[in-house]
Amino acid sequence: MKKIHFIGLFITLFLVSCTDDLLDKQPLDIISDKVLWTDPVLIDAFLSQQYAQTPTLVQDCWETGNNNWSVNVGGPFYFNSLTDESKNMWTLGGSGPAGYKAGSLRIGGGLSEYWELPYRTIRSLNEFLDRVPNSTMEAATKKNRLAEARFLRAFNYFSMVKRYGGVPLITKVQNLDDSKEVLYPPRDAEQKIYDFIIAEMEAIAADLPETYAAVDYGRPTRYAAQALKCRAALYAGSIAKYGNVQLNGLLGIPSNLASAYFTKSIEAAKVIINSGKHALYKADADKVKNFRNVFLVKKNPEAIFVKTHNNAVVAAGNPWTWDYGQSPKPHPIDQGNINAPYLEMAEEFEYIDGKPGKLDYAAIQTGLWTVEDLWKNKDPRFFATIWTQNTSWKGNLVDFRRGIITPDGTIVNTGSYQGIPALGIQNSNQGTGTGFGVMKYLDENTPLVTFLSNSSSDYQVFRYAEILLNLAEATLELGNAAEALNAINQIRARAGITALGSIDMTKIRHERKVELAFENHRYWDVRRWRTATTDLSVNGSGLRYILDFTTRKFKLEVIRNTDGTVAPPAFFEYNYYFPITNGRTSSNPSLLENPGYN
């Protein structure tokens, strides 16, 4: 009899039914095939395990990582540091993302690999889809769970196609006695993978509920399916318009198909918008508080599909370590600030009246400034997204000070002056920082008292603002400026800044960068637009604050080239696709390597 080794499933089963006779009769490390596919509880547990094995549900963690950390760096922080949003400040070991940001992605791979794990998950989902139709599970639940499995399978393929381009599309269970052609399939075209994802979401949307009861919150609804279709179709349209067809069609999509994909993206966006089930979060009059609460208030109307979290210990809960990585000091290991936003990212945020956020570097480095004057009338999203000098945090003020100007003009950089430390707590061991940190998703109620303290905020895989941004981009690509402008101005109105009078693609991309900052969109956006060679090959700046003892104002210094000059950021044309790698092409000679890797 076939056995399924599935310890995690039995742990889940034990938690929900510890008195079940099955646990008294079967070894706890295996389940018979016959038992699994005839027991609705086990079937549900099996599907739940596939969610756990899809780490890309949280900021594209890769297969050697998880919601918390990998051997090198935490997955939830990785892609922020690969972009022009921020630099990486520290890791738990290894080299972290810095080398890949400097252009070291080669044929050996290593950057956010996502291949072996998703194919294992896809095999399990294929088996689920093959077995469950004949199970005794209640009909309505069965239909729902089958749709969920197809959603997860498509989500895994989406995580792969945006990395590698065309990959083998496997929708049937492979067995060891299958032919070599079945066991070692070639890559399918990138277009075919995108078409599969879109078609699957169109097929299953009606089989998923509009909402779930509290016990099932976090499962994909029909609007989550539409959101995946919306995003995937937008990506496909961009690749068709801005990319090139290569490897006899394995990479790229013919340009004459771009409009059809943009149309698909619009269709999905409008289903979500017209449903009335989701909307921009607007519960708080204070615009800064309101935008922060988009990510802290659970089950708010903006959240379309989330990865739920609690702050229980890892063994008993479902935590992630966002607060531990991003929080200002004090910190259990004197760290935090793992993603240090660049000054240029801070400047992306406009002023309330719509004026560009670009600072006059010559002016700000002359004279003395209060932080209030420096950031006066800034887009409220700036304060909800980024923390910097004098940001309020847990009853104190963030302190990035790096020096004190004494009354005689001397700058004290070590020790203290008149009882005031020369270095602020945030700079105590991070002199290479930028003067900024990531506020988004941070919860001041999360206690940072233990190693890898846990965060309980839900991670929003899809939210309503992204749908409006997708709609704006796709409609403008098709020439409908009025609809694009309306979508963008809804987002700006919620943010509390002036409406735009006209729209173009530069403005849409700018709004996307600001609204979705540090949510794992930027890296993939500049890749699909084919602007990464320019946008991600920039050495970012920072801002140094020096306290004037007499006035308590600050002398400001712009820090250039915070990534260093030895290995500055560099994104090459061939990096628009990850390498398949030597190991995989050696194991399966049917797999062609992507161009540029040799």
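Values for this structure:
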| quantity | calculated |
| --- | --- |
| Residue, modelled with the highest pLDDT, within the range 48-72, restricted to residues that are of a type in the set (A, V, I, L, M) and surrounded by 20 or more Cβ atoms within 10 Å (Cβ to Cβ) | L57 |
| The range 217-235, subset in a helix (DSSP H, G or I) and not hydrophobic (A, V, I, L, M, F, W, C), residue farthest from R150 (Cα to Cα) | Y235 |
| Residue in the range 358-417 that is nearest to the chain's Cα centre (by Cα), counting only those that are within 25 Å of R512 (Cβ to Cβ) and in a helix (DSSP H, G or I) | T385 |
| Of all residues making up the range 107-118, the number that are in a loop (DSSP other than H, G, I, E, B) and surrounded by fewer than 17 Cβ atoms within 10 Å (Cβ to Cβ) | 2 |
| Close pairs (8 angstrom Cβ cut-off, 6 or more residues apart or separate chains): without any contact (Cβ under 8 Å) to a residue 40 or more places away in the chain in the range 270-299, assigned to a loop (DSSP other than H, G, I, E, B) and β-branched (V, I, T) anywhere | A283/V297 |
| L476 vs. criteria under 30 Å from W369 (Cα atoms), outside any loop (DSSP other than H, G, I, E, B), touching a residue at least 12 places away in the same chain (Cβ under 8 Å) and not charged (D, E, K, R) | no |
| Test: residue in the range 476-487 that is within 22 Å of A346 (Cβ to Cβ) and buried (at least 17 other Cβ atoms within 10 Å of the Cβ) | no |
| Top-ranked residue of the range 236-261 - restricted to ones that are in contact (Cβ under 8 Å) with a residue 24 or more places away in the chain and not in a helix (DSSP H, G or I), ranked as nearest to I272 (Cα to Cα) | I253 |
| For K440: the one exception among (1) touching a helix residue (DSSP H, G or I) at 6+ places or on another chain (Cβ under 7 Å); (2) assigned by TED's automatic domain parsing to the domain that holds K229 | (2) |
| Selected residue (criterion: surrounded by the fewest Cβ atoms within 10 Å (Cβ to Cβ)) from residues of the range 201-216 that are assigned to a loop (DSSP other than H, G, I, E, B) and in contact (Cβ under 8 Å) with a residue 24 or more places away in the chain | E210 |
| Index of the failed condition, M160 passing every other in (1) within 30 Å of G596 (Cα to Cα); (2) touching a Leu at 6+ places or on another chain (Cβ under 6 Å); (3) part of a helix (DSSP H, G or I) | (2) |
| Selection count where residues are without any contact (Cβ under 8 Å) to a residue 12 or more places away in the chain and under 12 Å from K329 (Cβ atoms), scope the range 378-402 | 2 |
| Top-ranked residue of the range 221-244 - restricted to ones that are under 15 Å from A154 (Cβ atoms) and small (G, A, S), ranked as surrounded by the most Cβ atoms within 10 Å (Cβ to Cβ) | A225 |
| One residue from I411, I420, I405 being over 16 Å from G542 (Cα atoms), surrounded by 20 or more Cβ atoms within 10 Å (Cβ to Cβ), assigned by TED's automatic domain parsing to the domain that holds K555 and touching a residue at least 24 places away in the same chain (Cβ under 8 Å) | I405 |
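One line per residue, one yes/no per condition, for (1) at pLDDT 95 or above; (2) of a type outside the set (A, V, I, L, M, F, W, C):
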| site | (1), (2) |
| --- | --- |
| L423 | no, no |
| K440 | yes, yes |
| P447 | no, yes |
| F451 | no, no |
| S457 | no, yes |
| F462 | yes, no |
| E477 | yes, yes |
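The values are calculated or read from the model by the stated rules, or taken from the named source; none is laboratory data. This structure is a prediction, so every number in the text was calculated from the model and none was measured. Neighbour counts are summed over all protein chains in view; Cβ atoms, including those assigned to glycine, are modelled from backbone coordinates with ideal geometry.
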